[in-house]
């Protein structure tokens, strides 16, 4: 199958590209820079020039493919509403090119917009009061394509997608701990983060492309809920720093842009996904993966 992949050089997207090529698929990767194009060539993928806000390029990419995996997102935390609208329009543009063809469209969403404090399942609907509700529009746009003859499905990613090269929230916590001299959590730190290894997530995207029924909502969840204080504990031990709880009223001053995410309690299950597609996480869980040297020899962060 010839697959058009957006976000093909990102942390998750690059793993998806490898997963697809190793399974015998041909990949056409979206590239907005020479650097991205070179990375795609090195990975064995073909290059399609464009960007998420270039709808014509997205339509052309989708038209040239047997299926689409949309793994890109503009991580602009200062204006997530605008980022979400760009994402929605991108999905609608690619979906329109697949209409009445039965071709697959696999779209990325997030666990973070579900109702906090309860176990999120594939049946859970986005919380309209969530601060990350910008992804709800993406889900709606994708699932609306089912009535237009597209085999659309949604993969919800957890707060932590981890593994070598992680650029998300956990490296952000490591950098803040280094800067502040303490590895912290908010309150008692028993709020829970779901997590998945990037290679397990990539495998789920491929299964969704190949076999997910139209309208499926899938959860890429390995760990249902890891207490944030346990994440902070490993970070503190590895860095030789004290571990402490931060009062909620002091959290913004300590965590900055990460405050909302550090405070989230959003456990989630992938039981139905595993049953439906035969997917099973096989790579290390978050805590043992974090408790390795690679997380502490690099400290980039920013994409969750």
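If you go through segment 82-108 and keep only what is modelled with pLDDT of 95 or more and closer than 19 Å to residue 169 by Cβ, you end up with just 108. For segment 254-277, indicate whether the set of residues that are in contact with a helix residue (DSSP H, G or I) (Cβ under 6 Å, 6 or more places away or on another chain) and over 15 Å from residue 193 (Cβ atoms) is non-empty. The answer is yes, given that some residue of segment 254-277 is in contact with a helix residue (DSSP H, G or I) (Cβ under 6 Å, 6 or more places away or on another chain) and over 15 Å from residue 193 (Cβ atoms). Residues that are farther than 23 Å from residue 220 by Cβ and in a loop (DSSP other than H, G, I, E, B) within segment 20-77 comprise 32, 33, 44, 50, 51, 53, 54, 64, listed in sequence order. Residue 203 falls short on exactly one of the conditions (1) in contact with a helix residue (DSSP H, G or I) (Cβ under 9 Å, 6 or more places away or on another chain); (2) surrounded by fewer than 21 Cβ atoms within 10 Å (Cβ to Cβ); (3) assigned to a helix (DSSP H, G or I), and that condition is (2). Scanning segment 249-267 for residues that are in contact with a strand residue (DSSP E or B) (Cβ under 8 Å, 6 or more places away or on another chain), part of a helix (DSSP H, G or I) and crowded, with 21+ Cβ neighbours inside 10 Å returns 255, 262. For segment 166-184, a residue qualifies if it is touching a helix residue (DSSP H, G or I) at 6+ places or on another chain (Cβ under 6 Å) and over 25 Å from residue 247 (Cβ atoms), and exactly one does: 167. Counting only strands (runs of 3 or more DSSP E) that sit completely within segment 208-248, those holding 1 or more residues that are surrounded by fewer than 19 Cβ atoms within 10 Å (Cβ to Cβ) correspond to 223-227, 243-246. In segment 288-302, which residue that is more than 18 Å from the chain's Cα centre (by Cα) and in a helix (DSSP H, G or I) is modelled with the lowest pLDDT? Only one residue fits best here, namely 297.
The values are calculated or read from the model by the stated rules, or taken from the named source; none is laboratory data. What you are looking at is a predicted structure, and each value in this text was computed from that prediction instead of being measured. For neighbour counting, all protein chains shown are included, and Cβ atoms are generated from backbone atoms with ideal geometry for every residue, glycine included.
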